[in-house]
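Visitor: For reference, the structure I am asking about is given below.
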Amino acid sequence: MRTVGITGGIGSGKTTVCRMFETFGVPVFYADTEAARLQNEDPEVVRRIKDAFGEEIYVNGQLDRKGLAKIVFKDAAKLEVLTSIVHPAVQQAFQEWSERQQSPYCIREAAVMIESGSHRDLDALIVVHAPEDMRVRRVVKRDGSDEESVRARMARQLSENERLSHADHVIDNSGEILLLPQVLTLHRNLMEHESTQHRTDTNA
Ligand code: ATP
């Protein structure tokens, strides 16, 4: 199974792009959604988070995500502890999930991918790109959050140039080029690559 990563800055349009791939029948693993699920449902992950952050970080059996975000936002060491608990669990869940997929390729979507190095385990990386001001406007409109907090979150992410330097493919979501044709072209490339690879493997 060929695995393809999709990442991008806050509000770049990762989810929007992934929904398009899904309409073409490509399975998508949403790493952040899976992380949230594991933090509530995986007994080992729950135990380790409680050991590190205290029992009270769970309220009625559900992780207090806002409370935890506040703690790790201002404490890099604690963020590292949290990542060291959640990241391997998500990796394993992705591994098991991808082995179950019946498709020429599957996608792993995550906001944090290059930072954690998980893109290195994937066969290709797609970066969704849009200018910062546009991303801020879209997130403010989508979440009703204030501009300052969105910019503060962005400042903690990789720079756009750094992210783009790791990309095998870039999807331009600045509105200059239509999104759907870009996704379709890329999908065809990835399908073509897969069938070429298959022919090469069977002829070897
Ligand atoms: P986050 O990092 O916050 O999870 P994301 O990268 O997944 O965001 P989306 O949620 O897909 O980004 O897009 C952010 C917002 O911008 C959404 O409300 C989406 O509908 C809107 N949006 C995305 N692409 C476009 C576009 N090409 N034109 C107009 N609106 C768009």
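The values are calculated or read from the model by the stated rules, or taken from the named source; none is laboratory data. The structure presented is a predicted model; accordingly, all values stated were derived computationally and were not measured. No Cβ is skipped: glycine too gets one built from the backbone with ideal geometry, and neighbour counts run over all protein chains shown. SASA here: full protein model, heavy atoms, side chains in, ligands and nucleic acids out. Shrake-Rupley method; radii C 1.70, N 1.55, O 1.52, S 1.80 Å.
Visitor: Scan region 127-152 for residues that are out of contact with any helix residue (DSSP H, G or I) (no Cβ under 6 Å at 6 or more places or on another chain) and within 9 Å of the ligand (Cβ to nearest atom) and jot them down.
Guide: 130, 134, 135, 137, 138, 141, 142, 143
Visitor: Sticking with this one: Which of the residues spanning region 83-110 are in a helix (DSSP H, G or I) and free of Cβ contacts under 8 Å to residues at least 12 places away in the same chain?
Guide: 84, 88, 92, 95, 96, 100
Visitor: Mind checking which residues of region 95-110 are touching a helix residue (DSSP H, G or I) at 6+ places or on another chain (Cβ under 7 Å) and open to solvent by less than 20 Å² (accessible area, probe 1.4 Å)?
Guide: Of everything in region 95-110, those that are touching a helix residue (DSSP H, G or I) at 6+ places or on another chain (Cβ under 7 Å) and open to solvent by less than 20 Å² (accessible area, probe 1.4 Å) turn out to be 105, 106, 107, 108, 109, 110.
Visitor: If a residue has to be open to solvent by 20 Å² or more (accessible area, probe 1.4 Å) and either assigned to a helix (DSSP H, G or I) or modelled with pLDDT of 95 or more (or both) to count, how many in region 111-121 make the cut?
Guide: Residues meeting the conditions: 3.
Visitor: Among the residues of region 174-181, are any within 15 Å of the ligand (Cβ to nearest atom) and in a strand (DSSP E or B)?
Guide: no
Visitor: Give the residues of region 134-173 that are exposed (fewer than 13 other Cβ atoms within 10 Å of the Cβ) and closer than 12 Å to residue 13 by Cβ, sorted by residue number.
Guide: 142
Visitor: Grab the helices (runs of 4 or more DSSP H) fully contained in region 1-82, keeping just those with 3 or more residues being of a type outside the set (Ser, Thr, Tyr) and open to solvent by 60 Å² or more (accessible area, probe 1.4 Å).
Guide: Correct list: 31-41, 43-53, 65-73.
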